[in-house]
Amino acid sequence: MKAIEALRELDERPARVIWELGPDSGPGSPGSDPLTLEERRRLLPRLTGFGEPLPLLVLAGGHPFPRRDSAALTAAASKLGFPVALAGTVAALVPSEGLEALREAGLDGLAVSLDSPDPAIHERQQGVRGCFDRALRTIEAARALGLPIQIDTCLSRRTLGGLAPLAGLVAALGAARWRLLFPLLPGPPDGDGSMTALECEGALNDLHDLSLTAPFLVEVAEAPQYRRVILERRRGNRRDGRPAGSMASRWPSRLDPLRKVPVGSGRGLLVIDHRGEVHPSPFIRASAGSVRWASPVAIYRTHPLFRALRDPERLRGRCGRCPFRVVCGGSRARAFTVTGDPLAEDPLCLYTPCPDPLEEPAPPLP
């Protein structure tokens with residue numbers, strides 16, 4: 001019952017708003033240009049229209065990073081009651097004085113990318129030389145200031161073998177949360193940039209086992225089938241061909257992934273880019289309107305794309321027939337990336353429910 005109530009709450013307000021700040025810029029003209037300074041200042045009070053509890057506000061990216069106005073935006077958002085986190089770029093080293101100013105402005109946490117405990121693998125995947133050492137120095141500076149750390153990891157076949165040692169590094173760095181992003185495109189068995197559905201299933205089971213003894217919360221992005229994996233493991237089932245073992249799926253309440261609201265594209269998640277365009281996900285670049293001309297609250301609550309993404313009965317293919325569609329629902333961003341249809345089935349999920357011979361392809365979402 002509590003899970004259903006939590007999902008209904010997501011119809012009214014997102015759990016997370018990502019504001020993609022983009023490059024520093026001065027006053028500009030409206031339209032397709034970045035939001036002006038005055039428009040950025042007016043946006044934050046409008047987001048309070050979601051009501052309590054206010055969503056987590058994630059200030060993302062931009063170059064240089066942090067932007068000159070990051071501390072001012074953090075202070076303004078904190079004064080309005082928003083919890084605020086900062087997500088940087090892999091190339092950035094946030095100076096200690098910059099982090100101190102952000103903490104004093106009310107910053108609640110910092111997200112830093114680490115894809116592997118091996119610097120060479122991490123830098124190969126990110127394509128930025130020296131970013132491993134910069135990430136560790138940023139984390140060290142944040143820890144010295146008492147800022148909670150989230151480690152963001154982009155998974156691919158080249159990093160799967162390092163999950164256990166990377167979990168050890170995340171623990172050693174004192175992170176509060178480890179968030180793993182699964183690839184948006186399935187890959188062939190002989191490639192190294194992505195993974196197959198079987199490899200995805202194995203990785204989710206491995207994360208389940210690692211999370212049981214980890215001192216931090218394990219979260220996944222674009223792999224909501226993790227919740228299905230947890231529920232099946234509690235019944236002693238494992239679908240990747242390896243034995244389920246006897247490990248009980250029990251965590252301290254603060255680390256239990258099933259106690260967290262299942263946030264996904266348009267369902268608990270709202271993205272505002274640096275031009276003010278509203279998207280349901282960082283990976284579904286389909287604008288649902290602009291904060292220049294419409295209320296972000298109204299867009300989230302009433303736009304047909306957002307409403308469809310929150311309705312499991314609108315899902316198609318295997319996801320539409322799946323008995324786990326309410327607690328999972330598949331990656332809508334992956335469906336959109338692969339097929340152009342955000343309501344299509346998730347091609348990186350191994351689970352196959354009973355087929356429906358009467359099912360016909362549905363027309364694309366208008």
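Tabulated data for the structure shown
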{"quantity": "Kirkwood hydrodynamic radius (C-alpha pairs) into Stokes-Einstein, region 204-283, 20 °C and 1.002 mPa s, D in µm²/s", "calculated": "150 µm²/s"}
{"quantity": "Gyration tensor (alpha-carbon) shape descriptor, region 74-175, a/c threshold 1.5", "calculated": "prolate"}
{"quantity": "Equivalent ellipsoid semi-axes, region 294-334, via Cα gyration tensor eigenvalues times 5, rooted, Å", "calculated": "23, 9, 8"}
{"quantity": "Calculated over region 260-360: convex hull of Cα atoms, volume per residue (Å³)", "calculated": "105 Å³"}
{"quantity": "Gyration tensor over alpha-carbon atoms, the chain, equivalent ellipsoid semi-axes in Å", "calculated": "31, 27, 19"}
{"quantity": "³J(HN,Hα), Karplus 6.51/-1.76/1.60, whole Hz, each residue of region 196-203, x for Gly, Pro", "calculated": "8, 4, 5, 5, 4, 4, x, 5"}
{"quantity": "Equivalent ellipsoid, region 142-242 (semi-axes from 5 times Cα gyration tensor eigenvalues, Å)", "calculated": "24, 17, 11"}
{"quantity": "The chain, relative contact order in percent, only Cα pairs under 8 angstrom and at least six apart counted", "calculated": "16 percent"}
{"quantity": "For the chain, calculated [θ]222 nm from helices alone, where every DSSP H run of n ≥ 4 adds -39500 (n - 2.57)", "calculated": "-10000 deg cm²/dmol"}
{"quantity": "For Tyr351, distant residues with modelled amide H under 5 Å away", "calculated": "none"}
{"quantity": "Span from the region 163-231 Cα centroid across to the region 92-149 one, whole angstrom", "calculated": "20 Å"}
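No value in this document is a laboratory result; all are computed from the given coordinates. All values reported here derive from a predicted model rather than from experimental measurement.
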